[in-house]
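Okay, structure first, notes after.
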Amino acid sequence: MSEEQEWREGDESTGEPSTPRRPKAMPVGRAILLLVVVLVVAAILAGTGIVGRIHARTEVADQTNALAAPTVTVGVPKLGQPQQEVVLPGNLEAYTDSPIYARTSGYLKKWYFDIGAHVRKGQLLAEIESPEVDQQLSQAQADLATAETNAGNAKTQAGRYQDLLKTDSVSKLDTDNFTTQAEAGNTTVKSALANVQRLQQLVGFEKVYAPFDGVITARGTDIGQLIDAGAGASGTGRGGMELFHMAASQTLRVYVNVPQIYSQGLKPGMTADLTFNEFPGKKFIGKLVRTSKQIDPTSRTLLVEFDVNNRTGELFPGAYTEVHFKSGAMPPAMIVPVSALMFRSEGLRVATITDDNKAKLAPIILGRDDGATVEVIHGLSADSRVILDPPDSLIDGETVQLAKPAANPPASGGGKQ
């Protein structure tokens, strides 16, 4: 029965008007409990929503980072030989190599040797006609004779005046004048003599002689050609041309740029084997005679000179050779492909992977380079995981993903089809 019905029944039974009944008030404890339950339910609902959103954001961030991380291929470096032979390129050069220029001007009268001729020191190579110089020499000799005559006359006069001065027959001033003229005459003679000697040397330069034993490797003139004295400056058009070029090839020099890592093992007196494509299977012995004792800061190499005996004349200056020598006892090198190298402003680097899949750019020192692979002397170990083809944007500490191996990897050495 509802409260409205009770109210109406009460009015009918008593016959008196009834007042409406008030609802009973909820106990305070029950109200507080109800409020706590509502708050707890609201907190649970709100917490569930926040946790879900945080989890969703975390998943999105993880997926974004995973997609942003570069995928790389990893390999293990190969172990090189601890004792190895170093092979480096070298160039043969003549022990003495010199251009021959004229020291006097004129016309080429005759040449006696052409390219390939073996000449001895002091042999006549060519003759130059210089009529102007010849006439200048004749004039200078005449001037010298005149100066000698004048000097003799002045000396005689000075002697006479000195004798007359003893008897006070002449003045001291006149005597001093004649004495000074005699001394000036002697100086004039010396000057004229020096001029004669200079022109005699120029006349002597009309004949061009070999400065050392060697081979004529070039001839740059011919009969009747105008010859200018001196060496011409490049691009100026002044000075003379090269008459001949000579090379002494009985002993040849071989210059080799040795990487810094091998520089400490090179000592004068050690030998090396030289091989040439034109002499298959034959080796020539070179002896290390000197080093530059300075590392080139650009290439990080040491310039080394080997001398080779070429008395038989088999080898030619300018030829290319490969120099083989032992590098000495060194720790084994790690061999990696060239594609693993990273060229950075701070130096050469190789990208490796740590246990938590983060990139680490390791500084390295290279040994030999055969074009496809390189030897890493320092910076890697046998258990290093090397990124074979790292992206240029890779930085130290960046997270990377490992590429999954192919289901059916191609056979080794198959190459591209």
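Exactly one residue out of T373, T312 is among the hydroxyl-bearing types (S, T, Y) and over 30 Å from G116 (Cα atoms), and it is T373.
Identify, from the list T354, T298, T312, T291, the residue that is among the hydroxyl-bearing types (S, T, Y), surrounded by fewer than 17 Cβ atoms within 10 Å (Cβ to Cβ) and not assigned by TED's automatic domain parsing to the domain that holds P259. Going through T354, T298, T312, T291 in turn, just one is among the hydroxyl-bearing types (S, T, Y), surrounded by fewer than 17 Cβ atoms within 10 Å (Cβ to Cβ) and not assigned by TED's automatic domain parsing to the domain that holds P259: T354.
Figure legend. Inter-residue proximity from segment 202-226: first residues over 13 Å from A126 (Cβ atoms), second residues assigned to a loop (DSSP other than H, G, I, E, B), beta-carbon distance below 6 Å, spacing 6+ or different chains. Indicated pairs: L202/T104; F212/K121; D213/R120; D213/K121.
Look at G397 and say whether it is at pLDDT 90 or above and at positive phi. No; evaluated as a whole, the condition is false for this residue.
Quick check on this structure: which one of F212, F205 is of a type in the set (F, W, Y) and modelled with pLDDT of 90 or more? Just one listed residue meets the conditions, F212.
Pick out the one residue from D389, D356 that is in a loop (DSSP other than H, G, I, E, B), at pLDDT 85 or above, touching a helix residue (DSSP H, G or I) at 6+ places or on another chain (Cβ under 6 Å) and over 14 Å from P332 (Cα atoms).
Only one candidate qualifies: D389.
Put simply, of T175, T156, T179 the only residue that is surrounded by fewer than 16 Cβ atoms within 10 Å (Cβ to Cβ) and farther than 30 Å from S105 by Cβ is T156. Just one of the numbered conditions (1) assigned to a strand (DSSP E or B); (2) closer than 30 Å to D114 by Cα; (3) more than 28 Å from the chain's Cα centre (by Cα); (4) not hydrophobic (A, V, I, L, M, F, W, C) is not true of G281; which one? For G281, the exception is condition (2). Within segment 185-197, restricting attention to residues that are touching a helix residue (DSSP H, G or I) at 6+ places or on another chain (Cβ under 8 Å) and at pLDDT 85 or above, the residue that is surrounded by the fewest Cβ atoms within 10 Å (Cβ to Cβ) is S191.
A single member of I223, I227 is farther than 30 Å from N153 by Cβ and modelled with pLDDT under 90, and it is I227.
Looking at segment 247-264, is at least one residue assigned to a loop (DSSP other than H, G, I, E, B) and either loosely packed, with under 15 Cβ neighbours inside 10 Å or at pLDDT below 95 (or both)? No, there is no match, as no residue in segment 247-264 is assigned to a loop (DSSP other than H, G, I, E, B) and either loosely packed, with under 15 Cβ neighbours inside 10 Å or at pLDDT below 95 (or both).
Residues that are among the aliphatic types (A, V, I, L, M) and in contact (Cβ under 8 Å) with a residue 40 or more places away in the chain do not occur anywhere in segment 162-174.
This table checks each residue for (1) touching a Leu at 6+ places or on another chain (Cβ under 6 Å); (2) touching a residue at least 60 places away in the same chain (Cβ under 8 Å); (3) closer than 30 Å to T251 by Cα.
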residue: G281; (1), (2), (3): no, no, yes
residue: D307; (1), (2), (3): no, yes, yes
residue: N310; (1), (2), (3): yes, yes, yes
residue: G318; (1), (2), (3): no, yes, yes
residue: V338; (1), (2), (3): no, no, no
residue: S345; (1), (2), (3): no, no, no
residue: I377; (1), (2), (3): no, yes, no
residue: D383; (1), (2), (3): no, yes, no
residue: V386; (1), (2), (3): no, yes, no
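The values are calculated or read from the model by the stated rules, or taken from the named source; none is laboratory data. On a predicted model such as this, the values are computed, not experimentally measured, just so you know. So basically every Cβ, Gly included, is an ideal-geometry build from the backbone, and we count neighbours across all protein chains shown.
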